[in-house]
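Structure, as structure tokens:
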Amino acid sequence: MSEEGAKVRAAREVLSAEDLALSVQVLQEFYVQATRPSRTGRLTHGQAAALIQSFLRFPVQESTLTLMRASLESTHRFRISPWDAGIIEAARILGCRSVLSEDLAHGRDYDGIKVENPFRPKRC
């Protein structure tokens, strides 16, 4: 199976989970990446918006001042981007113990929020 095919399969597994939670920021990032003009097979606005609507079956952490303040503190404390810190802190507010990320370091623990890369090849 190709690397892209493996990613598609992993993404489908993630979306079939019952304990998934999202943040508004993650939904916005999905939209930007899915509709990016340079992307082969990009989605139309309508397709991406419909998928986002379907993702609302999961708990979603809205952007709030509390989240922003926590994100700024984590940006400084962990030396990560405000965007990554926002995802970590949204997970914390939602009561999650882990974050799925292809960008953050797999296995890294951010004060109780552990990063898991769902696309990382599994070892036997």
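How many residues are within 20 Å of residue 11 (Cα to Cα) and surrounded by 10 or more Cβ atoms within 10 Å (Cβ to Cβ) when one looks only at the range 105-124? Total meeting the criteria: 10. Scoring residue 87 on the criteria (1) of a type in the set (Val, Ile, Thr); (2) part of a helix (DSSP H, G or I); (3) loosely packed, with under 13 Cβ neighbours inside 10 Å leaves a single failure, condition (3). Might you let me know whether the range 53-72 holds any residue that is touching a residue at least 60 places away in the same chain (Cβ under 8 Å), closer than 27 Å to residue 4 by Cβ and in contact with a strand residue (DSSP E or B) (Cβ under 7 Å, 6 or more places away or on another chain)? No, there is no match, as no residue in the range 53-72 is touching a residue at least 60 places away in the same chain (Cβ under 8 Å), closer than 27 Å to residue 4 by Cβ and in contact with a strand residue (DSSP E or B) (Cβ under 7 Å, 6 or more places away or on another chain).
Can you name every residue in the range 66-98 that is of a type in the set (Val, Ile, Thr) and farther than 15 Å from residue 112 by Cα? If the condition is that a residue be of a type in the set (Val, Ile, Thr) and farther than 15 Å from residue 112 by Cα, then 66, 75, 80 are the ones that fit. Scanning the range 98-124 for residues that are of a type in the set (D, E, K, R), more than 17 Å from residue 26 (Cβ to Cβ) and part of a loop (DSSP other than H, G, I, E, B) gives 108, 111, 120, 122, 123. Counting the residues of the range 30-67 that are within 19 Å of residue 92 (Cα to Cα), out of contact with any Leu (no Cβ under 9 Å at 6 or more places or on another chain) and outside any loop (DSSP other than H, G, I, E, B) gives 3.
Every read-out reported here was derived from the displayed coordinates using simple, explicitly stated rules and does not represent laboratory data. For clarity, every value in this text was computed on a predicted model and none was experimentally measured. Here the Cβ is made from the backbone with ideal geometry for all residues, glycine too, and neighbour counts use every protein chain on show.
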